[in-house]
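Peer 1: After the structure tokens below, expect a handful of questions from me.
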Amino acid sequence: MSRPLVRISVTTAAPAEGYEIVIGPGVRGQLPSLVERRCAAHRYAVITDDHVERLYGAWLLRAMRAAGHRADVFAFPYGEARKSRETWSAVTDAMLESEMGRDSAVVALGGGVVGDLAGFVAATYMRGLPVVQVPTTLLAMIDASVGGKTGVNTPAGKNLVGAFWPPRLVIIDPELVATLPAAHRRAGLAEAVKHAAIADADHLRRIAETSSELLEAEPDVLCEIITRSIEIKSEIVSSDEREAGPRRALNFGHTVAHALEAAVGYRMLHGEAVAIGMVTEARIGERSGVTVAGTAAALRDVLRALGLPVSMPKDVSAGRILELARGDKKAREGRTEFVLLRAVGEVHPNGGRWSHTVPDEAVLSVLEETT
Ligand SMILES: NC(=O)c1ccc[n+]([C@@H]2O[C@H](COP(=O)([O-])OP(=O)(O)OC[C@H]3O[C@@H](n4cnc5c(N)ncnc54)[C@H](O)[C@@H]3O)[C@@H](O)[C@H]2O)c1
Ligand SMILES: [Zn+2]
């Protein structure tokens with residue numbers, strides 16, 4: 001029996017470019033017909049990594065071809081290091097070689113690395129092909145597949161070359177999470193906690209209540225949590241597509257997280273760094289008198305229940321984190337900028353700036369306590 005699907009419409013600055021996100025356990029079975037309806041094309045380039053290709057590549061090709069679509073797979077080796085200009089050119093060249101024309105479309109099948117890379121290939125191939133995002137990691141389902149950001153890393157930093165390229169359609173099947181390693185499931189859930197922290201205290205309660213089912217990848221519970229997270233993110237993104245205002249709230253926990261990831265040489269999953277970052281930044285907010293006391297503890301408890309780390313690794317110094325956080329693009333001299341909560345479920349808007357400059361001494365004293 002087929003279960004009901006959730007559909008979320010995302011509006012963009014150009015209304016004609018709004019797109020639909022379809023979520024439901026087993027929805028992958030409807031992929032060929034959804035693609036036909038929302039993104040008809042002469043040919044399809046299924047872009048994926050070699051790991052996801054082994055798991056789901058043959059299935060997708062068979063399903064597309066059985067429905068009469070012309071589809072070919074373009075796979076690249078898995079891993080963040082491959083989200084590069086080199087991979088962009090290799091995939092683009094392979095598509096040119098196989099004579100994919102302007103009337104083609106891209107299907108991005110994979111985690112955030114594939115979504116960003118394939119989205120950027122789509123944004124640039126013959127000045128732009130439509131793209132269907134089919135996220136396969138929890139992080140990509142909850143976060144990366146919504147908002148239209150695409151791009152690649154360069155030696156100078158992550159995500160420095162890219163484009164806003166909203167998808168034509170996003171298809172999310174929570175059953176695909178079953179094959180995802182447990183550490184990656186936990187890391188994806190950190191972003192769901194972030195959405196709850198900035199916008200919806202009830203969402204945080206549901207995540208806490210359902211933490212064991214979430215960790216076991218129970219599809220109906222995953223569906224509920226992914227759906228609410230996407231509603232929150234897409235509402236924020238629709239109101240501020242180019243990141244000028246409210247969209248900054250999505251950076252909660254991320255000033256510290258990015259500094260921490262750099263400090264450990266990216267030997268930590270992004271969601272793990274975000275978990276530590278959220279607890280730390282909630283404490284910074286409490287110390288600054290912006291955030292209601294008890295907020296950091298509430299977030300910490302839920303993150304712990306999800307098996308995520310909540311304090312700084314012992315071998316990372318507070319001074320180093322501060323130095324790296326200052327290097328963050330949001331930093332000012334002698335003070336660092338943070339998105340701060342008012343309470344669980346609410347960001348402090350600070351007169352429409354959506355961030356606060358906090359003196360270094362206050363940041364350092366919190367960082368020293370949390371290591
Ligand atoms: N565009 C955005 O708005 C946005 C937002 C957040 C993160 N990102 C980007 O996302 C990337 C991280 O994404 P990620 O965590 O999904 O990493 P990832 O894409 O590297 O996936 C993690 C690993 O899981 C494997 N995998 C994927 N799906 C699987 C499945 N169903 N079963 C088993 N294994 C599977 C992949 O092959 C890979 O080895 C970063 O590059 C980050 O910058 C982008
Ligand atoms: Zn993040």
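The values are calculated or read from the model by the stated rules, or taken from the named source; none is laboratory data. On a predicted model such as this, the values are computed, not experimentally measured, just so you know. Please note: Cβ atoms are built from the backbone with ideal geometry, for glycine as well, and neighbour counts cover all protein chains shown.
Peer 1: Which condition does Thr136 not pass, out of (1) within 16 Å of ligand 2 (Cβ to nearest atom); (2) under 20 Å from Val52 (Cα atoms); (3) at pLDDT 95 or above; (4) under 14 Å from the mean Cα position of the chain (by Cα), if it passes all the others?
Peer 2: If we test Thr136 against (1) within 16 Å of ligand 2 (Cβ to nearest atom); (2) under 20 Å from Val52 (Cα atoms); (3) at pLDDT 95 or above; (4) under 14 Å from the mean Cα position of the chain (by Cα), just (1) comes out false.
Peer 1: Show me the strands (runs of 3 or more DSSP E) found entirely inside region 259-364 where at least 3 residues are modelled with pLDDT under 95 and in contact with a helix residue (DSSP H, G or I) (Cβ under 8 Å, 6 or more places away or on another chain).
Peer 2: Fully inside region 259-364 and qualifying: 335-338.
Peer 1: Is there a residue being among the hydrophobic types (A, V, I, L, M, F, W, C), modelled with pLDDT under 95 and within 14 Å of ligand 1 (Cβ to nearest atom) anywhere in region 191-200?
Peer 2: To start, the set of residues in region 191-200 that are among the hydrophobic types (A, V, I, L, M, F, W, C) comprises 192-193, 196-199.
Next cut, modelled with pLDDT under 95 only: none.
The answer is no; no qualifying residue exists.
Peer 1: May I pose another question? Look through region 145-169, keep the residues that are surrounded by fewer than 24 Cβ atoms within 10 Å (Cβ to Cβ) and aliphatic (A, V, I, L, M), and return whichever of them is modelled with the lowest pLDDT.
Peer 2: Per the criteria, the residue is Ala156.
Peer 1: Could you look through region 254-275, keep only residues that are farther than 21 Å from Ala296 by Cβ and small (Gly, Ala, Ser), and pick out the one that is farthest from ligand 1 (Cβ to nearest atom)?
Peer 2: Within region 254-275, the match that is farthest from ligand 1 (Cβ to nearest atom) is Gly265.
Peer 1: Let me ask another. Give region 250-290 a look and list any residue that's within 19 Å of the chain's Cα centre (by Cα), buried (at least 24 other Cβ atoms within 10 Å of the Cβ) and either closer than 17 Å to Glu361 by Cβ or small (Gly, Ala, Ser) (or both), or say none.
Peer 2: Gly253, Thr255, Val256, Ala257, Ala259, Gly271, Ala273, Ala275, Gly277
Peer 1: Also, I was wondering about something else. Of the residues Val132, Val161, Val106, Val113, only one is within 18 Å of His270 (Cα to Cα) and of a type outside the set (S, T, N, Q); which?
Peer 2: After applying the criteria, what remains is Val113.
Peer 1: Is one or more of the residues making up region 44-58 over 26 Å from Asn153 (Cα atoms), out of contact with any helix residue (DSSP H, G or I) (no Cβ under 8 Å at 6 or more places or on another chain) and without any contact (Cβ under 8 Å) to a residue 24 or more places away in the chain? Before you say what the answer is, go through the steps one by one.
Peer 2: Of region 44-58, the ones over 26 Å from Asn153 (Cα atoms) are 58.
When the remaining residues are screened for being out of contact with any helix residue (DSSP H, G or I) (no Cβ under 8 Å at 6 or more places or on another chain), the result is 58.
Right, trim to without any contact (Cβ under 8 Å) to a residue 24 or more places away in the chain and you get 58.
Yes: region 44-58 contains one or more residues that are over 26 Å from Asn153 (Cα atoms), out of contact with any helix residue (DSSP H, G or I) (no Cβ under 8 Å at 6 or more places or on another chain) and without any contact (Cβ under 8 Å) to a residue 24 or more places away in the chain.
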